[in-house]
Amino acid sequence: MLLVAVLTTGCAAAAPQALSPQLEEHQRLANALHSGVRVHGGWAPEDYLGVVQPTPVLKGGFGGLDIWLRGDIVGTPCGQYVIASLLALRERPSADHRTVNEEAVKSLVSAGWSAQAAEAARASCPGGSN
């Protein structure tokens with residue numbers, strides 16, 4: 001079962017690639033916001049910046065999540081914003097775009113970001129000014 005969150009449309013996704021040191025910052029943020037999250041980079045379905053799905057029980061236990069980021073946002077503030085957005089949407093699946101944005105900004109602020117930096121991260125995403 002794949003829970004896909006549409007954050008914005010974009011270019012075709014890159015092929016899967018090995019984990020990079022750039023993912024360390026993303027991993028720290030994800031774990032600060034939600035326990036049991038593993039962040040992967042370099043792949044997301046076409047037209048998505050990222051996806052979140054439950055971790056298969058055989059791979060990571062019960063209740064874990066995998067977040068996959070598109071390759072062009074790995075290691076960027078946009079990648080951090082996408083992680084916060086995906087986790088916010090996971091908590092409130094019926095939320096509208098504005099609510100997800102507000103929750104993502106609150107999450108980043110709770111992790112030590114300023115509201116201005118969180119909004120700048122959102123704006124740095126492809127289609128982020130929408």
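Taking K and R as +1 and D and E as -1, what net charge do the other residues with C-beta under 15 Å from the C-beta of SER35 add up to? Intermediate values should be presented prior to the final figure.
Details: positive: ARG28, ARG38, ARG90; negative: ASP66, GLU91.
Residues near SER35 contribute +1 overall.
Shown in residue order for region 93-106 are the 3J(HN,Hα) couplings computed by the Karplus curve 6.51 cos²θ - 1.76 cosθ + 1.60 at θ = phi - 60°: x, 9, 5, 7, 4, 4, 5, 4, 4, 4, 5, 5, 4, 4 Hz (x for Gly and Pro).
Checking the a/c ratio against 1.5 first, then a/b against b/c, what shape does the Cα gyration tensor give for region 65-130? It would help to have the intermediate numbers written out before the result.
Values: a/c = 1.31, a/b = 1.09, b/c = 1.21.
Taking the square roots of the gyration eigenvalues as a ≥ b ≥ c, region 65-130 is rounded.
Tell me, what is the per residue accessible area of region 23-94 in Å², probe radius 1.4 Å? Roughly 45 Å² per residue, with all protein chains present.
The values are calculated or read from the model by the stated rules, or taken from the named source; none is laboratory data. Predicted model, so just to flag it, every value in this text is computed and none were measured. Counting neighbours? That spans all protein chains shown, and the Cβs are built from the backbone with ideal geometry, glycine included. To get the accessible areas, we keep the full protein, side chains included, count just its heavy atoms, and leave off ligands, DNA and RNA. Shrake-Rupley method; radii C 1.70, N 1.55, O 1.52, S 1.80 Å.
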